[in-house]
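What follows is a short report on a single structure.
Every number here is computed from the coordinates shown, using simple stated rules; none is lab data. None of these values were measured; they are calculated from a predicted model. Glycine also receives a Cβ, built like all others from the backbone with ideal geometry; neighbour counts cover every protein chain displayed.
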Amino acid sequence: KITRKFVDGLPKAELHVHIEGTLEPDLEFKLAKRNGIDLGVSSPDQINRSYKYGLAAFLKSYYAGMQTLITEQDFYDLTWAYLKKMAKSSVKHVELFFDPQAHTSRGISFSTVINGIHQAAVDARALGVDAQLIMCFLRDFSKESARKTLIQAKPYHEKGWILGLGLDSDEHHNPPLKFMMLFAKAKTEGYHLTMHCDPDQVDTLKHIKQALEIIEVERIDHGVNIVADPDLMDFAIQKQLGFTICPISNLYIYHDMKAKPTLELLKKGALVSFNSDDPGYMGSNYIDDNYYKFAEKYHLSREDLVKIAKNSFLSSWISNTAKKFYL
Ligand code: HPA
Ligand code: ZN
C-alpha cells in the first residue's frame, strides 16, 4: 500500500515546474501589498485561481498572477518558498523553469529575475536541495524576442546559472520549428534542450515529431500524445528520452489525468517522471501529491513509484557521478 510517508521519503527529482506557477495566493497577496498593487481583493482566498478548460484559459490566469513579482526579493521569496517545501518531501534535485519574457515584457529586468531565483537556489543547498534553472522561451512571442532573450541569458549561462533551454506558453500556431535556429545555436553553446508538447494541442503529433527529429531535444515536457504514433514512441524509448508528465496539471487543465497514455508509456519502459507543473494554480498539489494521488487512483505499487523516481534522476541533467548516487 502506498502511504504519504513512503512518497515523502522517496528521493526524487522534479524536472517540470514553472517557478512562476508555484505562486500561492498567500504570497501573491503579500507581494501585492508590498509593491502597492491593488488586486481588488481583501484576502488571499478571494484570489481567483480558476480557469475553465484548456491551455489558453490556464495561461491567462498564470500570466495575471505573476504581475505582483517586481523586485529581486519577490523572485527570491517565490523560489525560496517552493524549495523549502521540496526539502520536506525528499526532492533532492530540481530543474526549475522560468519565463524571463513574461517579466521583461512588463519592464522587469532580466537580472532582477535571475538574481532573485538564483540566490534562493544557492541558499537551498543548505537544505539538501540542488536547484538548477531552465530558461523557457514563450512560444507565442516572436523569434526576435527569443533571440534577444538568449543574448540576455549569455553571461548567466556562462557563469553556470542556466542549465538548459525550454519552450512553453501557447502552442497553437507556434510549432517547435519556429525556434529551430535558436535552439540549434543554444545547443552549440552547451545548453541542454527540452520543450513542451502539451496534451491534445492542434498538430500535437507534428510538434512532438519536430521536437524529437529536428530540434533533437533530450526530454519532452508532457508529450503524452506520442502513444498515437507507435513508431515514434519506440524511437523515443530507444533514445531514452525523458517524459516529464504532470498528472494533476492535466486534471486541472484538461479534466483528465491522462492516465491511459501515461501507463502505456510506463509499461513500454519510457523514462516517465511525475512532476507538478504549476502547483500554485492547481490546488497546491506539489510533486509528492502527483506521486501519491496518481498511485492511489491507478493502483501503482511501491516498485512502480521507485521506478518513476529513478527515471526522474536518469532523465535529469545532473552529472553521471551524481546520478549513480541515486540509482
Ligand atoms: N504548458 C505551457 N506553458 C506553460 C505551462 C504548461 O503546462 N505552464 C506554464 N506555462
Ligand atoms: Zn509546463
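Using the charge dipole of the range 4-318 (Lys, Arg: +1 at Cβ; Asp, Glu: -1 at Cβ; taken about the Cα centre), state which of His173, Gly36, Leu69 has its Cα farthest towards the positive end.
Farthest towards the positive end: Leu69.
Quick one: length gained pulling Leu177 to Lys84 fully straight, 0.36 nm per residue minus the C-alpha distance?
Here the segment from Leu177 to Lys84 would lengthen by 29.8 nm.
Please report Glu171, Glu216 as a ranked list, fewest other C-beta atoms within 10 angstrom at the top and most at the bottom. Before the final figure, lay out each step's value.
Values: Glu171 23, Glu216 13.
Least to most surrounded, the residues fall as Glu216, Glu171.
Over what distance in Å are the Cα centres of the range 231-290 and the range 167-195 separated?
Cα centroid to Cα centroid, the span is 21 Å.
With a/c under 1.5 counting as rounded, go ahead and sort the chain into rounded, prolate or oblate using the C-alpha gyration tensor (a ≥ b ≥ c being the square roots of the eigenvalues; past the cut-off, prolate if a/b is larger than b/c, else oblate).
rounded
Packing-wise, with mean Cβ within 10 Å as the measure, how do 250-259, 141-150 rank, highest first?
In decreasing order of mean packing, 250-259, 141-150 become 250-259, 141-150.
Based on alpha-carbon atoms only, what is the radius of gyration of the range 206-322 relative to the globular estimate 2.2 N^0.38 Å?
1.03
Would you mind ranking Leu271, Leu127, Leu15 by Cβ crowding within 10 Å, fewest neighbours first?
Leu127, Leu271, Leu15
Calculate the dipole size of the chain relative to its Cα centre from +1 charges on Lys and Arg beta carbons and -1 charges on Asp and Glu beta carbons; express the result in debye to the nearest 20.
680
List residues of the range 167-200, by number, whose backbone nitrogen lies under 15 Å from a label position 7 Å along Cα→C-beta of Phe235.
Answer for this model: 176-177.
Cut-off is 10 Å between beta-carbons; in what order do Leu96, Leu23, Leu193 appear when sorted fewest neighbours first? Present the calculation step by step, with values, prior to reporting the outcome.
On the way: Leu96 24, Leu23 27, Leu193 19.
Fewest-to-most ranking of Leu96, Leu23, Leu193: Leu193, Leu96, Leu23.
Considering the chain as a Gaussian network with a 10 Å cut-off on Cα pairs, which listed residue, Ile117, Ile108, Ile134, attains the greatest mean-square fluctuation?
Sorting by GNM fluctuation, first place goes to Ile108.
At 7 Å along Cα-to-Cβ for each site, give me the label-to-label distance between Gln46 and Ala259 in nm.
3.9
Using the beta-carbon distance between His299 and Tyr63 and R0 = 41 Å, what value does 1/(1 + (r/R0)^6) give for FRET efficiency, to the nearest 0.05?
Efficiency at R0 = 41 Å is approximately 0.65.
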